[in-house]
Amino acid sequence: MPNDASNSITIVLGFDYGTKRIGVAVGNSLTGSAQALDVIHNTRSDQTYQKIQELISEWQPSCLVVGLPLHPNGAEHGMTKRSRSFGQELAKQFGKPIHYVDERYSSVLLEQDSVYQESVDSHAAGLLLEQFFRERG
């Protein structure tokens with residue numbers, strides 16, 4: 001479902017970054033909803049970015065959303081810095097605007113539901129996108 005400028009639907013890809021896995025989801029501004037797409041095994045940088053390139057080519061998003069993990073009190077930590085670095089690398093490699101969304105508790109909530117055990121990362125990315133749309137509503 002590529003972007004179609006005539007109907008003003010904005011397609012967005014969301015990423016739930018992790019050092020071992022990166023969850024990916026796609027969403028659109030018309031419905032404000034998202035669907036889980038894939039989990040990228042983050043073992044080799046070149047393969048990771050090749051897979052992301054394939055998804056960007058397929059979906060033609062106008063921007064990318066990256067989850068920003070924070071402590072419950074909002075303070076940053078080691079994974080916050082890694083997620084920001086990942087977002088900066090996405091911007092550098094793909095030339096798309098990057099938006100960060102507070103991801104506190106998104107994966108934790110999904111891990112409590114056994115339905116999402118196999119795809120918790122991609123469903124967490126979907127939650128990030130839905131939050132992104134709500135915040136811009």
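Bear in mind these aren't lab numbers, they're just calculated from the coordinates by the rules spelled out. What you see is a predicted model, and the numbers here were worked out from it, not measured in a lab. In this analysis, Cβ positions are derived from the backbone assuming ideal geometry, glycine residues included, and neighbour counts consider all displayed protein chains.
What the table shows:
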{"quantity": "Under 5 Å, built H, 5+ apart or other chain: amide partners of TYR100", "calculated": "VAL66"}
{"quantity": "In order through region 122-131: 3J(HN,Hα) via Karplus (6.51 cos²θ - 1.76 cosθ + 1.60), integer Hz, x for Gly, Pro", "calculated": "6, 5, 5, 4, x, 4, 4, 5, 4, 5"}
{"quantity": "Per-residue Cβ neighbour rank within 10 angstrom, fewest leading, HIS41, HIS123", "calculated": "HIS41, HIS123"}
{"quantity": "Antiparallel content of DSSP bridges confined to region 7-91, in %, to 5", "calculated": "80 percent"}
